[in-house]
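Working notes, structure below.
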Amino acid sequence: MPLRTLSEPDNLPALDQRFVHARPGAGLAPDGHPPRILLLYGSLRERSYSRLATEEAARLLQRFGAETRIFDPRELPFPDQIAGDDHPAIKELREHAFWSEGMVWCSPERHGQITGLMKAQIDHLPLSIAGMRPTQGRTLAVMQVSGGSQSFNAVNTLRLLGRWMRMFTIPNQSSVAKAFEEFDEAGRMKPSSYYDRIVDVMEELVRFTILMRPHGSQLVDRYSERKAAGKVIDPKTDLSLIAIAPQSEPV
């Protein structure tokens, strides 16, 4: 199964535990299962900084009580390369997307844009598969790494794609400049304002995911889709109609 095994999941040397909320989303919604977050990165280099940043994000998400999966794109073909998308890696990517309640997308910036690998993963997630939607209504956090000065071209594109995929992209984001200076020889991120921003983003992602998931079906309920499916609104069960109906005077 193309998932990466996260090394040292409990080792967070750059995190100052004195200032950490163990459960950032506590009290925002009824208690339930841990938030399920799928993480995608955009480079196949042996020392891929987008992967290393993604792994740091996954460790933080687990620290905040989430369940994570990091998709390994090494076996993924190009979109339209395989007839009918009949390939194990494509099928597993889509299965992980259906499993998720939120996602993290982290791309290097290359020639002012996200990488082809990052775009290929997103392109393998159709808006609809057999009447089901692998991305609609899910939360999304966007991140990028750069070899030079700080830029926001990649995260801006990822935001555009998240909107196109009908996802709720959180306000905060991460952009790591000169990424080659931000990781030690073991591939762990050094303490810095860049690391602190990733902490902020993951806290926020957990909060928004917990806050929104009880209302997911209502938030993405669309008139055009109800009309196309012939789903007529029953006034007896429509909560919006019940809420605005005149109330009888007390006797």
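The values are calculated or read from the model by the stated rules, or taken from the named source; none is laboratory data. Since the structure is predicted, the reported quantities are computational estimates derived from the model, not experimental observations. Using ideal geometry, Cβ is built from the backbone for each residue, glycine included, and neighbour counts are taken over all protein chains shown.
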Open item on the list: Quick check on Asp200: is it modelled with pLDDT under 95 and among the charged types (D, E, K, R)?
Closed with: no
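Return yes when Ala243 is hydrophobic (A, V, I, L, M, F, W, C) and either modelled with pLDDT of 95 or more or assigned to a loop (DSSP other than H, G, I, E, B) (or both) and no when it is not.
Considered against the rule, which asks whether it is hydrophobic (A, V, I, L, M, F, W, C) and either modelled with pLDDT of 95 or more or assigned to a loop (DSSP other than H, G, I, E, B) (or both), Ala243 comes out as no.
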Open item on the list: Let me confirm something: among Ser217, Ser149, which residue is within 19 Å of Ala53 (Cα to Cα) and not aliphatic (A, V, I, L, M)?
Closed with: Ser149
- [ ] Could you please find all residues in region 39-74 being of a type in the set (Asp, Glu), in contact with a strand residue (DSSP E or B) (Cβ under 9 Å, 6 or more places away or on another chain) and surrounded by fewer than 21 Cβ atoms within 10 Å (Cβ to Cβ)?
- [x] Glu67, Asp72
Task: Odd one out for Trp99, checked against (1) touching a Leu at 6+ places or on another chain (Cβ under 8 Å); (2) among the aromatic types (Phe, Trp, Tyr); (3) crowded, with 17+ Cβ neighbours inside 10 Å - done: (3)
Task: Residue check for Thr169: surrounded by 19 or more Cβ atoms within 10 Å (Cβ to Cβ) and either over 27 Å from Gly148 (Cβ atoms) or modelled with pLDDT under 95 (or both) - done: no
- [ ] Report the residue count in region 155-192 for those that are without any contact (Cβ under 8 Å) to a residue 60 or more places away in the chain and within 22 Å of the chain's Cα centre (by Cα).
- [x] 20
- [ ] Look through region 2-25, keep the residues that are of a type in the set (Gly, Ala, Ser) and surrounded by 14 or more Cβ atoms within 10 Å (Cβ to Cβ), and return whichever of them is modelled with the highest pLDDT.
- [x] Ala14
- [ ] List every residue pair whose Cβ atoms sit under 6 Å apart, with the two residues 6 or more apart in sequence or on different chains, where the first one lies in region 202-220 and is in contact (Cβ under 8 Å) with a residue 60 or more places away in the chain and the second, anywhere, is in a helix (DSSP H, G or I).
- [x] Met202/Ala57; Met202/Leu60; Met202/Leu61
TODO: Go through region 78-93 and give me each residue that's touching a residue at least 24 places away in the same chain (Cβ under 8 Å) and surrounded by 13 or more Cβ atoms within 10 Å (Cβ to Cβ).
DONE: Pro79, Asp85, Ala89, Ile90, Glu92, Leu93
TODO: Starting from region 1-29, keep only residues that are touching a residue at least 12 places away in the same chain (Cβ under 8 Å), then list their pairs with residues that are of a type in the set (S, T, N, Q) and not in a helix (DSSP H, G or I) whose Cβ atoms are within a distance under 9 Å, requiring at least 6 positions of separation or different chains.
DONE: Leu6/Thr68; Pro9/Thr68; Ala14/Ser192
- [ ] Restrict the check to region 130-144 and report whether at least one residue is farther than 18 Å from Gln173 by Cβ, over 14 Å from the mean Cα position of the chain (by Cα) and not in a loop (DSSP other than H, G, I, E, B).
- [x] yes
Task: Top-ranked residue in region 26-38 [being among the aliphatic types (A, V, I, L, M) and not in a loop (DSSP other than H, G, I, E, B); ranked as surrounded by the most Cβ atoms within 10 Å (Cβ to Cβ)] - done: Ile37
